[in-house]
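To keep things clear, I will list the structure first and then write my remarks on it.
None of the figures in this text is laboratory data; all of them are computed from the coordinates on show. None of these values were measured; they are calculated from a predicted model. We place every Cβ from the backbone using ideal geometry, glycine too, and count neighbours over all the protein chains shown.
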Amino acid sequence: MKSSVIGYPRIGNLRELKFATEKYFRKEISADELEKEAKKIRIYNFELQKANGIDFIPSNDFSFYDNVLDTAFLLNAVPERYTQLGLDTLDTYFVAARGYQGEKGDVKALAMKKWYNTNYHYIVAEIDDATQIKLAGTKPFDLYKEALDADVPTKPTVIGAYTFLKLAVYKGKKQAADFIEQTAAAYSELLQKFGALGAQWVQFEEPSLVKDMTADDIALFVSLYSKILSAKGSTKVLLQTYFGDVRDCYEQLVSLDFDGIGLDFTEGKKSIELVKANGFPKGKVLFAGVVNGKNIWRNNFEMTANIISELKKYADDIVIGTSCSLLHVPCTLDNETKLGEEYKKHFAFAQEKLGELEQLKEILGTDGYEQSPAFVSNKALHSEKRAGTNDEVRAKISALGNDDFVRLPAFSEREKIQKERFSLPLFPTTTIGSFPQTSDVKSARKAHRTGELSDSDYESFIKQKIAQCVALQEDIGLDVLVHGEYERNDMVEYFGECLDGCLFTEKAWVQSYGTRCVKPPVIWGDISRAKPMTVKWSIYAQSLTDKLLKGMLTGPVTILNWSFPREDISLKESALQIALAIREEVLDLEANGIKIIQVDEAALREKLPLRKADWKEDYLDWAIPAFRFVHSGVKPQTQIHTHMCYSEFADIITYIDDMDADVITFEASRSDLTILDVLKQNHFRTQVGPGVYDIHSPRVPSKDEIKTAIGKMTQRIPAQKLWINPDCGLKTRGMQETVPSLKNLVDAAREARNENS
Ligand code: GLN
Ligand code: ZN
């Protein structure tokens, strides 16, 4: 039995890559110094995997920002607006990822989207009619050679041709099918080059195959790979899928000339069934994804052994591996000094998963493995009853009836009541919640954590920041203010730390996008609200101003989706437990005079099943009610906002309306404004604040740019329903760009207001 890893986290155990990259952005280190740091991480990862006996170690899983963007550069699919700035390749790459504003020009970044059903974000490649796809870069070869020089033969990995073309946006007339020849030629050349370098295997990652596929999609897939594989030389090709099963194209997949096929037996509901029903071709290697690359619980060896013994009936050569790249889990448990052994023994982060693969390899390769100590102790661990049951919470949840999910009176009635109560101007301006987490905020939090700053000193510091933030917003002239979220490290982690039933880690970072990482809480037991979580900060902020101040919470679906969820109870059950806790906080804020409360569901869409057939039953049927339960108890005059970090909800638009919020803000600036047409067509009744500028980029939008965005919005949405706001929280931004951006936003809204009244 051999083992394979699809990809390994590249941020470094202590986020070294993030810090180095940010230093490079600030021009504190050179490109060479950045590259040196990156190389250290890569070599460390190679050696770690080698030490754990991994047989198929990936290379080119490393990225300075994102693998899809890497692939666009590899394939020459880089829009001219970036290349013509005349920067070197690395800087052009970063500009495409982040935008640029300086003496050379002013360009926006490429769009960024969620990577399937994860909290990782990829950069969307842009293809236009002039794009010439060809092999243009050398990164996969360089990194392969680098590993080889370190005495680690690797399996280079590249985003596959199908997935690359499916994820790209097409700006001209040409579509994916028009690029088949060019793309296939580029990948063929890539295979030949790897052949010349002596690579045994190349891995093509094709997660798009687990999505619903049309006949055209299947034709595209087959056409691409018939061509690519016809030029195959000595290098073997592993077609690696993940995040689900390949039910739409299994037949084609197994009949194409791949040497290995990677299937996901963790998330792929039908993977086993497909193999059983259709068999698996002789002479090919089945890469079985059995170690969960998305969650942090120890592998259940007994279940894995059962899957493998089932598969052995159909496939004669099986390699065990991770279900997807380990990018989605933290690096190592080694740096968790505060978490007790009673918890840690249940966890496996990336490094520990390597150990699991080594143990599994051993176990599965031995007859009578049931007696082996590793197997026996793993079985004992999984039969242990975990502490953390809260009977009171369970009773409350099981007593819920239909009324608990309905807010009264109906939307339009509330809208009238609230309009009268608030008398806000046309195009009210607001922000999404957080203000820049400047270095003083981060160092105060750190000092508090290490005990250098007392609780009371920390509290006064946060209050001082809140006061400055409120004053700043009054000065800028925003209509609905926020407290700035300075007390929060992260919108989910903060609540995780406040809620009973969650565990939190010290260094368990996971990359979200580029240099941004998150530290997801672990849902360990039943969830309950131990104490008020945000109330004192909101009360304090409101006490400083006569303007309206928005309370700011994270919603249950997002908390769940951005945590490592339990696997011993259903997601629905966990979501309702969290909803109950957030509901208590909502009612507490309301009772304390907060008139507007925003409940962020930034990640609502994230865990939407990849296949449409599963949407309702597996997800929306409990996710939307969980949100409704959070606010169904508030008074009609309390205004509930929600926020989503994307605008891709055309297909679930009726569900979004059905969340029954009063106002929703979402991302719109980075994607085109087509969502507005969809809102119009569907008679979307919720008031909307489509973000007027992109906060993921440091560039400052001009007043005119924002006015143009407002203009486009008013063509499609009744002016009375529109809010004007940035597209997300400002915490990752600096003050130097935030203040002028918000000033421009307020000026633009004022002008639009005058022109429209
Ligand atoms: N209220 C949060 C903030 O402003 C929302 C962040 C998000 O949507 N990711 O930071
Ligand atoms: Zn957001």
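Here are some notes:
- In this structure the amide hydrogen of T554, modeled in the peptide plane, comes within under 5 Å of the amide hydrogens of D600, none closer than 5 places in sequence on its chain.
- Length released on extending from K40 to R750, taking residue separation times 0.36 nm less the Cα-Cα span: 250.4 nm
- Rounded to whole Hz, the Karplus (6.51, -1.76, 1.60) HN-Hα couplings of the stretch 314-320, x for glycine and proline: 10, 10, 8, 10, 10, 10, 8
- Relative to the longest principal axis of the Cα atoms of the chain, the long axis of helix 703-716 makes an angle of roughly 90 degrees.
- Helix 16-25 and the longest principal axis of the C-alpha atoms of the chain enclose an angle of approximately 60°.
- Residue-normalised convex hull volume from the C-alpha trace of the chain: 158 Å³ per residue.
- Over the chain, DSSP H runs of length four or greater, each weighted -39,500 (n - 2.57), average out per residue to a 222 nm ellipticity of -13000 deg cm²/dmol.
- What the Cβ-Cβ distance of D149 and K27 gives, at R0 = 35 Å and to the nearest 0.05, is a FRET efficiency of 0.70.
- Estimated translational diffusion coefficient (Stokes-Einstein, Kirkwood radius over Cα pairs, 37 °C, 0.692 mPa s) of the stretch 450-560: 210 µm² per second.
- Relative exposure of K572, K612, K353, judged by other C-beta atoms within 10 Å (fewest first): K612, K572, K353
- Computed from label points 7 Å out along Cα-Cβ, the spacing between I653 and R386 is 4.0 nm.
- In order along the stretch 39-48, the phi-based Karplus estimate (6.51 cos²θ - 1.76 cosθ + 1.60, θ = phi - 60°) of 3J(HN,Hα) comes to 5, 4, 5, 4, 5, 4, 5, 4, 5, 4 Hz; Gly and Pro are listed as x.
- Residue among N402, Q418, N378 farthest towards the positive dipole end of the stretch 378-418, charges placed on Cβ: N378
- Extension gain for E420 to K269 (0.36 nm times residue separation, less C-alpha to C-alpha distance): 49.3 nm.
- A Förster distance of 25 Å, applied to the separation of the beta-carbon atoms of A231 and D88, puts the FRET efficiency at 0.20.
- Amide N proximity, the stretch 134-175 versus E47 label position 7 Å along Cα-to-Cβ, cut-off under 16 Å: 146-153
- For the listed residue pairs K40/K134; K18/K442; K113/K338; K465/K703; K23/K731; K39/K361, the alpha carbons are over 24 angstrom apart in K40/K134; K113/K338; K465/K703; K39/K361.
- When only Cα pairs below 8 angstrom with a gap of at least 6 residues are kept, the chain shows a relative contact order of 12 percent.
- Which listed pairs, of K193/K312; K211/K379; K50/K344; K519/K616, have C-alpha distances above 32 Å, in listed order: K193/K312; K211/K379
- Placing pseudo-labels 7 Å out from each Cα toward the beta carbon at K531 and E80 gives an inter-label distance of 6.1 nm.
- In terms of other Cβ atoms within 10 Å, L135, L74 run from fewest to most in the order L135, L74.
- Residues whose amide H comes within less than 5 Å of that of W201, counting only those at least five positions distant or on another chain, are K236 (H built at 1.01 Å from N in the peptide plane).
- Annotation for the stretch 490-506 versus the stretch 216-254: alpha-carbon center distance of 41 Å.
- Working note: Karplus 6.51/-1.76/1.60 with θ = phi - 60° gives the stretch 745-753 the couplings 4, 5, 4, 5, 5, 4, 4, 4, 4 Hz, where Gly and Pro are set to x.
- The simple Förster model, with R0 at 25 Å and r as the Cβ-Cβ distance, assigns L400 and H683 a FRET efficiency of 0.25.
- The value of relative contact order for the stretch 436-526, using C-alpha pairs under 8 Å at least six residues apart, is 18 percent.
- In terms of other Cβ atoms within 10 Å, E601, E667 run from fewest to most in the order E667, E601.
- Legend: translational diffusion of the stretch 534-604 by Stokes-Einstein, Rh = Kirkwood radius over C-alpha pairs, 37 °C, 0.692 mPa s; D = 251 µm²/s.
- For the stretch 725-746, the residues whose backbone nitrogen is under 12 Å from a point 7 Å from the Cα of Q468, taken along Cα to Cβ, are 735-736.
- Relative contact order computed over the stretch 153-297 (Cα-Cα under 8 Å; 6+ residues apart), in percent: 22
- Rounded Å value of the spacing that divides the Cα centres of the stretch 659-699 and the stretch 318-361: 39
- The per residue volume of the convex hull around the alpha-carbon atoms of the stretch 718-757 is 57 Å³.
- Inter-label distance, nm, simple model (7 Å from Cα along the C-beta direction), K635/L339: 4.4
- Interchain or long-range residues, amide H under 5 Å from V319's placed H: L286, F287, A288
- Kirkwood hydrodynamic radius of the stretch 310-430, from the reciprocal of the average inverse Cα-Cα distance over all distinct pairs: 20.8 Å.
- Gain upon complete extension [K379, E362; 0.36 nm per residue less C-alpha separation]: 4.5 nm
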